[in-house]
Structure formats: structure tokens, C-alpha cells
1. Helix-only mean residue ellipticity at 222 nm, the chain, DSSP H runs n ≥ 4 weighted -39,500 (n - 2.57), per residue, nearest 500. What is it?
2. Which distance in nm do the two modelled labels at residue 50 and residue 154 give, with both placed 7 Å along the Cα-to-Cβ direction?
3. Please report the orientation-averaged projected area of the chain, defined via the convex hull of its C-alpha atoms, in nm².
4. At a 1.4 Å probe radius, carbon and sulfur cover how many percent of the accessible area of the chain?
5. Anyone know which of 157, 87, 33 comes out most mobile in the 10 Å Cα GNM of the chain?
6. Equivalent-ellipsoid semi-axes (√(5λ), Cα gyration tensor) for region 114-179, whole Å, largest first?
7. Could you tell me the center-to-center distance, by alpha carbons, between region 27-105 and region 144-172 in angstrom?
8. Would you mind getting the accessible area per residue of the chain, heavy atoms of the protein chains only, 1.4 Å probe, in Å²?
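The values are calculated or read from the model by the stated rules, or taken from the named source; none is laboratory data. A quick note: this is a predicted structure, and the numbers were derived from the prediction, not measured. For neighbour counting, all protein chains shown are included, and Cβ atoms are generated from backbone atoms with ideal geometry for every residue, glycine included. Calculation scope for accessible area: heavy atoms of the full protein, side chains included, ligands and nucleic acids excluded. Shrake-Rupley method; radii C 1.70, N 1.55, O 1.52, S 1.80 Å.
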Amino acid sequence: MVDYPPARIVGPRVRLRPPVLDDAGALFQRVARDPEVTRYLLWAPHPDVATTRRVINEKINVGDEERTWAIELASSGQVVGLTSCRRPVTHSVEIGYCLGRRWWGKGLMTEVLEMLLSALDADRGVYRVWATCSVANVRSAHLLERAGFVREGRLVRHAVYPTMGPIPQDSLLYARALR
Ligand SMILES: CC(C)(COP(=O)(O)OP(=O)(O)OC[C@H]1O[C@@H](n2cnc3c(N)ncnc32)[C@H](O)[C@@H]1OP(=O)(O)O)[C@@H](O)C(=O)NCCC(=O)NCCS
């Protein structure tokens, strides 16, 4: 049994909570159908809200492998994005995140990462938090650097980013040591 940060984390401007099937409409409209959002993600834009529902259902039932949170604005309760942790090795956690385009550039994901990092830091078993992003994903690279992640290298032909096409692209590997 692998531990993850709590199912609910409250920050000044955003709240993290488990996604529910009723989030599908908002997540489809604001996040999952937008090719600008998925451009550097490992999944293609969702063609319909049924796809978003199916994916949420998979995330809810994924078991011990990973945990996904819906990102909710504290001010309005609107769901505006998703974040996740995957812990394939006990001491090491991979993070992922996406936010609806309307909410970019306000420092919201910086706040989410601070919340996740402080929750992960409270777990004495976690020593490493890491993420990969496309070499072209400047926003994500800035976010990670602002959050104290160190660029460990360039992963050649590392991943297919379906919105950009079927050819594997290079990624950057970022990590932050917690202790
Ligand atoms: C990458 C992504 C998560 C960044 O989200 P974000 O909330 O805009 O990121 P940040 O929290 O770093 O916000 C940074 C911007 O907000 C500005 N900002 C405004 N208020 C701020 C505050 N209170 N604190 C910090 N930054 C603030 C910063 O100056 C910065 O602007 P800049 O990029 O022009 O320098 C978002 O663009 C996204 O979801 N992209 C699509 C999905 C994706 O690519 N995910 C990552 C896959 S690896």
C-alpha cells in the first residue's frame, strides 16, 4: 500500500479534492477538449464529454498506482484543472497537472505545486518529486523551475504527445529532492 498526499488539500486560492463523475461537463468544456491545453500532454483532446466521464471513472478506480485531484477555485467552487501523483517506487513521486486556458498566468499552478510539495514533504518516506515535460512546453518548465525543480536532462525521443502528432518527441526531466 503506497501513501499519497491527503485526498483534500486546501490552499489560499485553490482546493484539491477527489474528482467525481459530475465534474465531467466542466472539465470537458474548460480543459479536456482544448487542443491548446493538451498540446504538450500525453493524451489527445477529448472528442466528447462521454470520454471525459470515462477517464474520470478510470482515475477514480485506478487503485494504488496513482491519485488524481480536481483543482477547484476557492472563490467560486469552479473546477478548472487536474493534478496527479504517481508513486511507482516508494521514495519517488511523479507529478502531472493541467489547467483550463482561461486560468493560466495567475500563479494558480504554482500554488497547487506548493500544496502538493508541502503534503509530500510531510511524508518522511518521499525523497524525490519529479516530472517530465515536452522540450517545447516553456510554461511548464518555468513553473517547475519556479517551484525549485532542477533540470536533470533531456530525454531523447521520450514520448508521443498526440496533439502534436505520432512521432516521439524529446522531453525534459525535472526533479526536486525533499530531504
Ligand atoms: C503549464 C501550466 C500548468 C502552467 O499553469 P499556470 O498556473 O499558468 O502556471 P504558474 O503558476 O507558473 O503561473 C505562472 C504565471 O503566472 C504569473 N503570476 C501571476 N500571479 C502569480 C502569483 N501570485 N504567483 C506566481 N505567479 C503568478 C507569473 O508571473 C507567471 O507568468 P509568466 O509565465 O508570464 O512568467 C498551464 O499552462 C497548463 O495547464 N498548460 C497546459 C497543460 C500542460 O502543459 N501541463 C503540463 C504538462 S508537463
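1. My calculation for the chain gives -6500 deg cm²/dmol from helical runs alone.
2. Using points 7 Å along Cα→Cβ, the separation is 4.3 nm.
3. The orientation-averaged projected area of the Cα hull of the chain comes to 9.7 nm².
4. Working: 4820 of 9230 Å².
Roughly 52 percent of what the probe reaches on the chain is carbon or sulfur.
5. 157
6. Calculated on Cα positions only, the semi-axes equal 26, 12, 10 Å.
7. Measuring centre to centre over Cα atoms gives 18 Å.
8. Accessible surface, normalised per residue, equals 52 Å².
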